[in-house]
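To start, the structure itself, in structure tokens.
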Amino acid sequence: MKSTSLPLLIITGPTASGKTGFAARLAYKIGAEIISADSRQVYRDMNLGTGKDYDDYLVEGTRVPYHLVDIIDPGNKYNVYEFQRDFLRVYDNIISRNKIPLVCGGSGMYIDSIVSSYRLIHVPPNQALRKELEKLGLEELRQKLQAYKKLHNKTDTDTVKRAVRAIEIEDYYQNNPGAVDSLPEFASLIIGIKYDRESRRRKISERLRARLEAGMADEVKYLLDKGIAPADLIYYGLEYKYLTMYVIGELSYEEMFSQLETAIHRFAKRQMTWFRGMERRGLKIHWLDAYMPTEEKLSRALGLYKEAP
């Protein structure tokens, strides 16, 4: 693990807050490279549905380097533990080149996993335990896992295979306490971008309409035509859930739009709830009004960065 005396700079905020474009401008100013902390932008070919806008990284004719975008194929299930592993690899690489890492994304759990030093997983398979657990149903496995820990990550119990692995990991931790690794402790500077509630709702609805007009349904059709199973796309939630249901005929266009719009509003509310939870645990988030002029936001962020211990 490489070290740096600078704080780990993090730009976050709810969906449709304009954080990526702002992060790219800030990165351009300080010579940073962006590490994405978005749980769905890791997937190739899932562009409109995940809100990727590659032009956000283009600042004054220069493309700001970014990482952990388009790194795995759709159909796979990426998780917070894989993000930790990939984050550390990229972080070390950036620091080794005397560049500045700048984390940007709205996946609160991913950001929390860095700044709160979640445990890293280095757990060998336990075949005997697996054989025993595979006899149980999903609900029994869920109850068994809850006996080990409070369930934060729903993907731990979305299938029998994942639930078995999660229990295997927790059992290993319990029986091998000295073998548990944690992320290094980072001195971090977290800057959040947000709109007021009504403006956020309006921005979300406007962006949804624009992405549908840009061909988001065609993107889902393309993925299905490539052989991605509808259930796998539905697993990714939000746009991919409702658009897949529309494309395969389970929802009308009007039903899809209404249900998806509501789901995204609820998702943004959950994002803000997660951020408030981080703040209650003592993690300072310096919130900037998204309506603030870009140059003023940049000036505020640069001032915070220079003043950070």
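The values are calculated or read from the model by the stated rules, or taken from the named source; none is laboratory data. Being a predicted model, the structure only gives us computed values, none of them experimental. Heads up, the Cβs are rebuilt from the backbone with ideal geometry, glycines too, and the neighbour counts pull from every protein chain shown. Ligands, DNA and RNA are excluded from the accessible area calculation, which covers all protein heavy atoms including side chains. Shrake-Rupley method; radii C 1.70, N 1.55, O 1.52, S 1.80 Å.
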Next item on the list: Please indicate, with yes or no, whether at least one residue in the stretch 58-77 is open to solvent by 50 Å² or more (accessible area, probe 1.4 Å), at pLDDT below 95, under 26 Å from V220 (Cβ atoms) and not in a helix (DSSP H, G or I).
Entry: yes
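Kindly indicate whether M292 is over 21 Å from the mean Cα position of the chain (by Cα) and closer than 17 Å to G18 by Cα.
The answer is yes for M292.
Of the residues D45, D38, which single one is closer than 24 Å to N76 by Cα, among the acidic types (D, E) and within 13 Å of the chain's Cα centre (by Cα)? Quick ask: steps written out before the conclusion?
Working: D45 fails: within 13 Å of the chain's Cα centre (by Cα).
Every option except D38 fails the conditions.
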Check: Looking at (1) assigned to a helix (DSSP H, G or I); (2) within 22 Å of R207 (Cα to Cα), which is the only condition A231 fails?
Finding: (2)
Margin query: Given (1) farther than 19 Å from Y305 by Cα; (2) modelled with pLDDT of 95 or more; (3) out of contact with any Phe, Trp or Tyr (no Cβ under 7 Å at 6 or more places or on another chain); (4) open to solvent by 10 Å² or more (accessible area, probe 1.4 Å), identify the lone condition not met by Y43.
Written below: (4)
Next item on the list: Might you let me know whether the stretch 235-246 holds any residue that is under 23 Å from the mean Cα position of the chain (by Cα) and hydrophobic (A, V, I, L, M, F, W, C)?
Entry: yes
Notebook entry, point to check: Which number in (1) without any contact (Cβ under 8 Å) to a residue 24 or more places away in the chain; (2) assigned to a loop (DSSP other than H, G, I, E, B) marks the one condition that Q41 misses?
Noted result: (1)
Note to self: Can you tell me which condition Y54 does not meet? The list is (1) open to solvent by 20 Å² or more (accessible area, probe 1.4 Å); (2) at pLDDT below 95; (3) within 27 Å of L208 (Cβ to Cβ), and all the others hold.
What the structure shows: (2)
Checklist line | Selection within the stretch 289-304 - free of Cβ contacts under 8 Å to residues at least 24 places away in the same chain and polar (S, T, N, Q) | finding: S299
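So which residues in the stretch 151-160 are modelled with pLDDT under 85 and either of a type outside the set (S, T, Y) or crowded, with 18+ Cβ neighbours inside 10 Å (or both), if there are any at all? Spell out the reasoning first.
Taking the stretch 151-160 first, the residues modelled with pLDDT under 85 are 151-159.
Once the filter is applied, which keeps residues that are modelled with pLDDT under 85 and either of a type outside the set (S, T, Y) or crowded, with 18+ Cβ neighbours inside 10 Å (or both), the stretch 151-160 yields L151, H152, N153, K154, D156, T157, D158.
When you scan the stretch 83-115, how many residues do you find that are in a loop (DSSP other than H, G, I, E, B) and open to solvent by less than 40 Å² (accessible area, probe 1.4 Å)?
Number satisfying all stated conditions: 3.
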Check: Taking only pairs six or more apart or across chains, which ones have beta-carbon atoms under 7 Å, a first residue in the stretch 248-265 that is in a helix (DSSP H, G or I), and a second residue that is open to solvent by 40 Å² or more (accessible area, probe 1.4 Å)?
Finding: Y253/Y246; M256/Y246; H265/R201
